[in-house]
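Each remark here refers to the structure printed beneath this line.
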């Protein structure tokens, strides 16, 4: 690759990672708030997310940052507000700064994940206790639920796990983004999101009825029904693929 | 009539026979149990530490959910759950300061709870309210020549403040079964402790107690034993296998939940029982007595 071309690509990547306030003149920003990042005071524009505000303040994220869209669960934030005893938890990329926020980012939730072969496990309620016996320590304090940035009923799914109710665990934990805030707040030292994942996996492999159309489609794929079409696409050049994509988007068929 | 129902964890896992047969009895008397939504484990043992209120949260949360359900009578089948819920309710009712403290901690609960709004009731109490006469009217099989030993253990009867019946001479099971012609044998260990959670680290205590309790019932000619507590059931039933291996003179005795026997007598399909959950197979004696 030519040196100049390589430089252009690197510039593009660098600019994509820049905070959204880059290029805005400070004198054009009307509203400012004061936040405290790990004890130090910073003045930041009021309409930034916590993540943007920290970048504005000069921090560079090498951890505690992922999709920037509220899905990956990497940017766990813990904070308190002035004159409020409540310890708050949120995703830094999804939460706006407020005046008087005392902030810290949680880079990682330390936890051991049990190893199991899901197809070899039997669909029995005691599997939760087998791999995560500490769930029996739950005293229903509900601290996990209060910590959840996804507003899940975390305690309720741990309690459902305790009685082996796979369907309820899967249902209640479905929107979990595995940020780990529940696990670092739990006085019983439970790692909720791993328990939930075990529950969802067990439920999907052993509990849910297999969808007939999915099974049929898998068989068709295995028989090579779509090999011809795949080959056609693989042989196309970039322009042809783009055209095929545009044509497909224009068609009414939705896959 | 609808009644709120709190199963507890054990009835959903190792004591399924108890839940299935216990709940199957209720429609016969026009009672519909409604399981409360997203109940939490009661904690299994009532916490006696007065300065650590954390352990009171679980039973109190369940009582709050029962209150929210709109049917403030809360049915339990498990003796441990009965004991824990009832004592927690009493605790919060009698100690206003601690109640406030717990309330402040659980600041996300929307329902205010004082401790006296929910009445915890055990299945045995409920059946006694229905009365042996009414139960006997539903009799399908006459259990002639059946001798049973009733076993109560502790949790239903102690401490006095929450007891479902007299701790000295309980009659909850006697009332039901004698009324339908079943002979209840006399033996001195109906309210003896089974050893409870000592099973976890002092197994020999349970073996000793099981031997004493079961042998006494056998000597007094019981065909089988009925009880209502899943932990007593585990201790008195599962450990008999070890006793057989240890002592060739030990005579085992089938142990059933009282609801299993009652369901058979009232003609409920025996198929709802999973007999494989029993270590001492009760089916031979049940067949001999014409119940299977």
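Read-outs throughout are calculated quantities, based only on the coordinates presented, and are distinct from any laboratory measurement. As the structure is a computational prediction, the values presented were derived from the model and not from experiment. Reconstructed Cβ throughout: ideal geometry from the backbone, glycine too, with neighbour counts over all protein chains shown.
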For the stretch B:2-123, Rg(Cα) over 2.2 N^0.38 Å is 1.04
If you count the DSSP beta bridges with both ends in the protein assembly as shown, what percent of them are antiparallel, to the nearest 5? 40 percent
Taking a spot 7 Å from the Cα of residue B:147 along the direction of its beta carbon, which residues of the stretch B:166-191 have an amide N less than 17 Å from it? B:178, B:181-190
Principal semi-axes in Å for chain B [√(5λ), Cα gyration tensor, largest first]: 33, 23, 16
Share (percent) of C-alpha pair distances in the protein assembly as shown greater than 34 Å works out to 55 percent
Shape descriptors of the stretch A:112-237 over alpha-carbon atoms, Rg and Dmax in angstrom, are 19.0, 61
Shielding score for B:41-48, defined as the mean number of other chain Cβ atoms within 10 Å: 2
Considering only DSSP beta bridges whose two residues both sit in the stretch B:2-123, what percent are antiparallel, to the nearest 5? 0 percent
Using only the Cα atoms of the stretch A:49-117, each taken as one equal point scatterer with no solvent, compute I(q) by the Debye sum, divide by I(0), and report log10 of the ratio at q = 0.16, 0.23 Å⁻¹. -0.57, -1.01
Roughly how crowded by other chains is peptide B:27-38, in terms of the mean Cβ count from those chains within 10 Å of each of its Cβ atoms? 1
Choose one answer from A:143, A:62, A:49: the residue with the largest mean-square fluctuation in a GNM of chain A with alpha-carbon springs under 10 Å. A:62
For chain B, averaging the sequence separation of alpha carbon pairs under 8 Å that lie six or more residues apart and dividing by its residue count, the contact order in percent is 19 percent
Measuring from the longest principal axis of the C-alpha atoms of chain B, the long axis of helix B:203-219 (C-alpha) lies at a number of degrees, nearest 10, equal to 50 degrees
Using Cβ contacts closer than 10 Å as the measure, can you line up B:119, B:108 from fewest to most? B:108, B:119
Assuming R0 = 51 Å, can you tell me the calculated FRET efficiency for the pair residue A:241 and residue B:104, based on Cβ-Cβ distance, to the nearest 0.05? 0.25
Once the Cα gyration tensor of the stretch A:29-158 is diagonalised, what are the square roots of 5 times its eigenvalues, in whole Å and ordered largest first, as equivalent ellipsoid semi-axes? 36, 17, 12
To the nearest 500 deg cm²/dmol, what mean residue ellipticity at 222 nm is calculated for chain A from DSSP H runs of n ≥ 4 alone, each contributing -39,500 (n - 2.57), summed and divided by the residues? -11000 deg cm²/dmol
Sorting check: for A:63-70, B:243-250, which peptide has the highest mean count of neighbouring beta carbons within 10 Å, and how do the rest follow? A:63-70, B:243-250
Any chance you could tell me what percent of the C-alpha pair distances in the stretch B:132-288 go past 23 Å? 36 percent
Normalised contact order of the stretch B:2-123, rounded percent, pairs of Cα under 8 Å and 6 or more residues apart: 31 percent
So if we plug the beta-carbon distance of residue A:121 and residue A:26 into 1/(1 + (r/R0)^6) with R0 = 45 Å, what FRET efficiency do we get, rounded to 0.05? 0.20
What number, rounded to the nearest 500 deg cm²/dmol, is the helix-based mean residue ellipticity at 222 nm of chain B, given -39500 (n - 2.57) per DSSP H run of at least four residues and division by all its residues? -11000 deg cm²/dmol
For Cα pairs less than 8 Å apart in space and 6+ apart in sequence, what is the mean separation divided by the residue count of chain A, i.e. the relative contact order in percent? 14 percent
What is the extension gain from residue A:209 to residue A:47, computed as 0.36 nm multiplied by their sequence separation minus the C-alpha to C-alpha distance, in nm to one decimal? 53.6 nm
Given points 7 Å out from each Cα along the Cα-Cβ axis, report the residue A:94 to residue B:117 separation in nanometres with one decimal. 3.2 nm
State whether chain A is rounded, prolate or oblate according to the following rule on the C-alpha gyration tensor (a ≥ b ≥ c being the square roots of its eigenvalues): a/c under 1.5 gives rounded; otherwise a/b larger than b/c gives prolate, and the remaining case gives oblate. oblate
Quick calc, residue A:6 & residue B:245: beta-carbon distance into FRET formula, R0 60 Å, rounding 0.05, result 0.20
Given the peptides A:215-221, B:226-232, arrange them by the average over their residues of other C-beta atoms within 10 Å, most packed first. B:226-232, A:215-221
Compute a Gaussian network model of chain B, connecting alpha carbons closer than 10 Å, and tell me which residue from B:224, B:123, B:139 fluctuates the most. B:139
